[in-house]
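A quick write-up on the structure given underneath.
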Amino acid sequence: MQRIGVFVCHCGSNIAATVDVKKVAEMALLEPGVVHAEDYQYMCSEAGQEKIIEAIREKNLTGVVVCSCSPRMHETTFRKAAEKAGLNPYMVEIANIREHCSWIHKDMEEATKKAVILTRAAIAKVNLNTPLKPGESRVTKRALVIGGGIAGIQTALDIADAGYEVDIVEREPSIGGRMSQLDKTFPTLDCSACILTPKMVEASAHEKINIYTYSEVEKVSGFVGDFTVDIRKKARYVDMDKCTGCGVCQEKCPSKKAPSEFNRGLNTRSAIYTPFAQAIPNVPVIDTDSCIKFKTGKCGVCSKVCQAGAIDYTQKDEIVSQKYGAIVVATGFDTIKLDNYDEYAYSQSKDVITSLELERIMNAAGPTKGHLERFSDGKAPKEMVFIQCVGSRCADDRGKPYCSKICCMYTAKHAMLIRDKYPDVNVTVFYIDVRTPGKNFDEFYRRAVEQYGVNYIKGQVGKVIPQPNGKLLVQGSDLLDNRQILKEADMVVLATAIEPNEGVRKIATMLTASIDTNNFLTEAHAKLRPVESPTAGIFLSGVCQGPKDIPETVAQAGAAAVKAIGLLAKDKLLTNPCTAQSDELLCNGCSTCANVCPYGAISYEDKEVNDHGIRETRRIAVVNSALCQGCGACTVTCPSGAMDLQGFSNRQILAEVDAICR
Amino acid sequence: MQELIKRAKELLEDGTVARVLGWKAGDLPYNPEPAYFDSTESLADFVYNGFCGANLSKYLIEASKLEGKTLVCLKPCDTYSFNQLLKEHRIDRDKAYVIGVGCKGKLDIERIRKMGIKGIEQISGAEMEDAADTLTISTIYGERSCKFADAMLERCHVCKGKEHQVYDELIGESKETKDADRFAEVARIEAMTPEEKFAFFQKELSKCIRCNACRNVCPACSCRKCVFDSNKFDSAQKANVDSFEEKMFHIIRAFHVAGRCTDCGECSRVCPQGIPLHLFNRKFIKDIDEFYGEYQAGMDVNAQSPLTDFTFGDVEPGIVGERG
Amino acid sequence: MSSEKKQAELIREISGVNPLKCMKCGKCSATCPAYNEMDIKPHQFVSYVANENIEALVQSKSLWKCLSCFACVERCPRDVQPGRLIDAARQVVVRQRGGNYLKADEIPELLDPELPQQLLVSAFRRYRR
Amino acid sequence: MSIEAKEEFRPKIVAFCCNWCSYAGADLAGSSRLGYPADVKIIRVPCSCRVNPMFILRAFEKGADGVIMCGCHPGDCHYSTGNYYARRRMTLLFSMLDYIGVENGRTRVEWVSAAEGVKFSTTMNEFVEKIHSLGKNVRLGDLRCRN
């Protein structure tokens, strides 16, 4: 049986003017377990708290009810006071007799009656309270960044600058990501490589940053502060330590027919390759699918020409296991496949290209050395047509329902650059809406129209028809002029929708991070916690969370870094003790609870239990209290009632219900 | 039945299975009961006929803990329960050898009795081999007969289909016996006035003697310890008078199995008081279908159960009042 | 309810189309082979129904110029399906005039060797139930 | 007043409020002095998804005349998804209660944000009024009749 003290606050006249506080204290004494009751002017004052402390000590109280203002106001105050007196702070409950009673009722008798009932409910609850202790877990002072694009690089740099070790895992042979494929960036038109490359170098040179390229996350276990991650370092067949990056192997490699991933398949590369000249690390990899040595066993040219002796055909994949306190996902995006959009003739004509392909064409290091030309016949185009929203804003399953956000701006950029470099080329943009919310964005778009004479037509293109003369007939409509347009073009550029990179769902599953139907990772709160995953210790950086341009990506990368740093700066994590707990004797192991847990806090173990003498191994739900936030979704979904929430247990809430309805 | 026994013998002999879970004859011609057979000799008692309504999937929870595989005979509708139990990790697929047995509808002795047929000594036409649509019943008062379909269990009139959802092999033909609308009775009650509804359920629930047969037979009620037996909700069985669960037992039970109930109809079949308990479960199923899209528990092991799932645009609880 | 409102509702009901889903991209008009013959263009059809401006719609020439080729239905990114709206508007007119669907067994009699195949195909698309 | 005069019906109403939105909304109603009848008593839960249908049935069984559950607006849940599960559970529970003939006005779900003190107060006023019009809860207290 508890020994409960009840403390009724007058709150000056805030409570005492409408509630007979003496009566409340008097009635409280009649409740089971109550051994002490008093009232006081201001319970939250020093003197008031002292009264509570004194009573706890003198009367050996095991539980306290304070009848006062909202627990949202002073619960912490009174819990701290109780702690001072040596009582577990979670043995204190508040009866809210101000906001929920004295302030909203006028009749003294009525308000007093209600206050008595609210107090009774709090007493009933405290009778079932148990001392709770926040758990502690340690924090490994190291962060993992998954993805080595601009988002991952920026996040890693910011975390490393704060003094913490960071590992970047990048799937491709080099870091750099999508941004390294871009030619110029809007709205300033500075060269992408010029601003990205220094950052890549900085990251690789940073003493706190360790980069795993050509590597993938294989397995994740653990939880916030204490993750263990297995990283698969794919065999490069080139020794990272020996290679000098001279490039002779790539030059001499006789197999040069593999489509270049970096140039979006517009040209080819050798079987041993670095994706691009400024690659970091500047160490090639061998693509075994196109390498003659791997396919036939004969060749070995690269090995012969390598003066450093870095080629090693026997290399194997390697698994590195590492501990991390925080993980940042920065897996980025790709453009969607256009298989569902036959009407734009992408697969029928080489002169219909995506915007990302155009970036490579415009780039001096690209397949055409920066010359704008048709891939069908190498001729310079005279009429260029850009089609917006290809696969974006699409309600059916052919495309994506969202706006890809960056296309309006990069199309204005492309149009402007083409008009600038080739003033004789006519550029027409078919758009549905032009969306330019960003600093200097609309000005940029207007410049394309007003200074560069880009022809914007409101209306989506219905069809692109390759003509026998090699031209492309674009059938569109001008909604403002109300006329249908048939336009002959030399090249058509599709502003293709972007989607999260392939494989992100697998990563999200490993991390138990939630992910939406479009494969974007879900944030913990759409407005207030936009760079955190609901899963503690997982942070989001860049397009993996939603479409973004470079400045936004960098801003979010910094924000994610700060959140990660905030976590890494702690030595220990104190966990909320009001977490769910599974009773192993009642648990069926049915997995229903894990399905509703937003934090991935529930796992299942085969555990030997002793159920009244019967020893057997059972599948049991186990709650990781470092991850559980205490929402209670699992407790209701559990059919056997094995799950219960500490601090808000079934019996406690039922006791409150009973006390109110009595 | 002979083919089934032959195959069971083979599997027992070659060691594929350690035991057979099926039915053996009861003390009356119409009450075969679930039984284990662990030797080829014991299979002499094996029966499978129109009265073998019992859904054996729940027994596999215990059988999964035993050494070796258990051969289990499952009718098409039982396989939904099997899948649901698999989904909930209550049974081990590797410990079961599922023979999908043919089913042409199962019989309800109460229906036969209601036709005024008493003193039953022998029933023919209930064997699964013949496609007889008439039952011939010899009673102490002479020979009587009735249509097979008229003697079928309610659930067979709303049969989910003759396809087994999971099996290792199939033996015997199945027949779809659906000739009624599954939700007709629920819709009829929904259309009543609140007073009529209340009167209907009060009358039905008043018959309840809390024998727990419904709970014990239900494959979804597979908790190690039921909340009504645990002290977690202050709801352990106290006196059977005026306790909370007494009144709410069936509502809470239906809620606990909502989204998991395959509508196998065992609760109604075993209720000694004849309470149409399936009407609770079916109401939830109807609502789930209407509100969240059609869902059949036990059909797809990987499907998300409607109560552990949501969409942003789900209906608000207020719809209950608006729907009128 | 005004008669226009009623008719708009009828068109929505017959077609199963929600015109509010339209994002006014104009792909339907861009793709329409009969565009030049029409006085009210396919994308306008959607806004006419959305604005319940039905009288003008049923008077329009476009109603009978639409080939029911369903290119607009096929390509509409928002699943608005303007072709179904036009079809529904046509049905509203036909119903008002007391007309009815063709029966399959009436068709052989109506066949003419000169009849373009396309017409038959679109008749089936239009009138299949 | 004579002794036989009928005592005024004072309903017992239990309100489950989630800690983050609705409980704060009730606090705001208080600090804005927006009154509602004293018949409403609030129980604080961490999230609407903590409300077990058994709690609601228990309240009715113990003599409550109405039970209302308030949570964050869909999309605003502190725990991201809790109220979506709660919404499905309550929809099905209320539908079941309606099915067995219990007046559905006795149960209600309302989404009240921390800023909606006014909504909290009007909701409670409306709800109490509704319960007054329905009168004492007899049916849920005694579903099983023992003739």
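The values are calculated or read from the model by the stated rules, or taken from the named source; none is laboratory data. Keep in mind it's a predicted model, so treat the numbers as computed, not measured. Cβ coordinates were reconstructed from backbone atoms using ideal geometry, including for glycine residues, and neighbour counts include every protein chain displayed.
Structure summary
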{"item": "Residues satisfying the stated conditions in segment A:631-662, i.e. at the interface with chain D (Cβ under 9 Å from one of its Cβ atoms) and of a type in the set (Ser, Thr, Tyr)", "result": "A:THR635, A:THR637"}
{"item": "Only one of D:GLY117, D:GLY135, D:GLY82 that is more than 7 Å from chain B (Cβ to nearest Cβ), farther than 30 Å from A:ALA594 by Cβ and buried (at least 22 other Cβ atoms within 10 Å of the Cβ)", "result": "D:GLY117"}
{"item": "Residue within segment C:16-32 that is at pLDDT below 90 and more than 24 Å from A:CYS389 (Cα to Cα) present", "result": "yes"}
{"item": "Selected residue [among the small types (Gly, Ala, Ser) and closer than 24 Å to B:PHE201 by Cβ] from D:GLY82, D:GLY30, D:GLY101, D:GLY75", "result": "D:GLY101"}
{"item": "The listed residue being modelled with pLDDT under 95 and touching an Asp or Glu at 6+ places or on another chain (Cβ under 7 Å), out of A:GLY470, A:GLY503", "result": "A:GLY470"}
{"item": "Sole residue being part of a loop (DSSP other than H, G, I, E, B) and under 30 Å from A:ALA536 (Cα atoms), chosen from A:THR288, A:THR368, A:THR331", "result": "A:THR331"}
{"item": "Residue within segment A:131-143 that is buried (at least 23 other Cβ atoms within 10 Å of the Cβ), over 26 Å from D:ALA24 (Cβ atoms) and touching a residue at least 60 places away in the same chain (Cβ under 8 Å) present", "result": "yes"}
{"item": "Residue match in segment B:282-303 (condition: within 13 Å of chain A (Cβ to nearest Cβ), in a loop (DSSP other than H, G, I, E, B), surrounded by 22 or more Cβ atoms within 10 Å (Cβ to Cβ) and touching a Pro at 6+ places or on another chain (Cβ under 8 Å))", "result": "no"}
{"item": "Residue match in segment A:44-56 (condition: part of a loop (DSSP other than H, G, I, E, B), out of contact with any Cys (no Cβ under 9 Å at 6 or more places or on another chain) and not hydroxyl-bearing (Ser, Thr, Tyr))", "result": "no"}
{"item": "Tally, over segment A:462-483, of residues that are closer than 16 Å to C:GLN44 by Cα and either more than 10 Å from chain C (Cβ to nearest Cβ) or surrounded by fewer than 23 Cβ atoms within 10 Å (Cβ to Cβ) (or both)", "result": "6"}
{"item": "Condition check for D:GLY63: within 7 Å of another protein chain (Cβ to nearest Cβ), closer than 29 Å to A:VAL126 by Cα and either out of contact with any helix residue (DSSP H, G or I) (no Cβ under 8 Å at 6 or more places or on another chain) or not polar (S, T, N, Q) (or both)", "result": "yes"}
{"item": "Candidates D:CYS21, D:CYS77, D:CYS72, D:CYS47, filtered to the one that is touching a residue at least 60 places away in the same chain (Cβ under 8 Å) and either crowded, with 24+ Cβ neighbours inside 10 Å or within 7 Å of another protein chain (Cβ to nearest Cβ) (or both)", "result": "D:CYS21"}
{"item": "Residue check for D:ARG10: at positive phi and surrounded by fewer than 22 Cβ atoms within 10 Å (Cβ to Cβ)", "result": "no"}
{"item": "Unique match (being in contact with a Cys (Cβ under 9 Å, 6 or more places away or on another chain) and closer than 27 Å to A:TYR341 by Cα) among C:SER29, C:SER68", "result": "C:SER29"}
{"item": "Of residues in segment A:209-245 being basic (Lys, Arg) and closer than 22 Å to A:ALA326 by Cα, the one surrounded by the fewest Cβ atoms within 10 Å (Cβ to Cβ)", "result": "A:LYS219"}
{"item": "Wholly within segment D:1-106, strands (runs of 3 or more DSSP E) carrying at least 2 residues that are not hydrophobic (A, V, I, L, M, F, W, C)", "result": "D:40-45, D:66-71"}
{"item": "Test: residue in segment B:21-35 that is under 16 Å from B:LEU60 (Cα atoms), within 25 Å of the chain's Cα centre (by Cα), without any contact (Cβ under 8 Å) to a residue 24 or more places away in the chain and buried (at least 18 other Cβ atoms within 10 Å of the Cβ)", "result": "yes"}
{"item": "Qualifying residue in segment A:484-497 (condition: closer than 30 Å to A:VAL217 by Cα, outside any strand (DSSP E or B) and touching a Gly at 6+ places or on another chain (Cβ under 9 Å))", "result": "yes"}
{"item": "Residue match in segment A:297-313 (condition: under 30 Å from the mean Cα position of the chain (by Cα) and of a type in the set (Val, Ile, Thr))", "result": "no"}
{"item": "When residues of segment A:334-365 are limited to those that are part of a loop (DSSP other than H, G, I, E, B) and of a type in the set (Lys, Arg), the one surrounded by the fewest Cβ atoms within 10 Å (Cβ to Cβ)", "result": "A:LYS337"}
{"item": "Residue in segment C:87-109 that is nearest to the chain's Cα centre (by Cα), counting only those that are of a type in the set (A, V, I, L, M) and either within 19 Å of A:ASP396 (Cβ to Cβ) or at pLDDT below 75 (or both)", "result": "C:LEU102"}
{"item": "Filter result (of a type in the set (D, E, K, R) and within 20 Å of A:ILE117 (Cβ to Cβ)) within segment D:14-41", "result": "D:ASP27, D:ASP39, D:LYS41"}
{"item": "Entirely in segment A:148-231, the strands (runs of 3 or more DSSP E) that have 2 or more residues that are over 30 Å from A:MET409 (Cβ atoms) and among the polar types (S, T, N, Q)", "result": "A:215-223"}
{"item": "Count - residues of segment C:1-42 that are within 9 Å of chain A (Cβ to nearest Cβ), part of a loop (DSSP other than H, G, I, E, B) and more than 16 Å from C:LYS65 (Cα to Cα)", "result": "4"}
{"item": "Cross-chain or 6+ apart pairs with Cβ under 6 Å, segment B:82-99 first and of a type in the set (Ser, Thr, Tyr), then assigned to a loop (DSSP other than H, G, I, E, B)", "result": "B:TYR97/B:VAL17; B:TYR97/B:LYS69; B:TYR97/B:ASP168"}
{"item": "Failed item, numbered, when A:ALA82 is tested on (1) away from every other protein chain (no Cβ under 14 Å); (2) touching a residue at least 60 places away in the same chain (Cβ under 8 Å); (3) aliphatic (A, V, I, L, M)", "result": "(2)"}
{"item": "Selected residue [within 20 Å of A:THR331 (Cα to Cα) and among the small types (Gly, Ala, Ser)] from A:ALA279, A:ALA235", "result": "A:ALA279"}
{"item": "Within segment B:130-200, strands (runs of 3 or more DSSP E) holding 1 or more residues that are acidic (Asp, Glu)", "result": "B:142-147, B:169-171"}
{"item": "Members of segment A:168-208 that are crowded, with 21+ Cβ neighbours inside 10 Å and over 26 Å from A:CYS407 (Cα atoms)", "result": "A:ILE168, A:VAL169, A:PRO173, A:ALA203"}
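Results for (1) touching a strand residue (DSSP E or B) at 6+ places or on another chain (Cβ under 9 Å); (2) acidic (Asp, Glu), shown as yes or no for each residue.
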| site | (1), (2) |
| --- | --- |
| B:TYR59 | yes, no |
| B:CYS77 | no, no |
| B:ASP94 | no, yes |
| B:LEU107 | yes, no |
| B:LYS118 | yes, no |
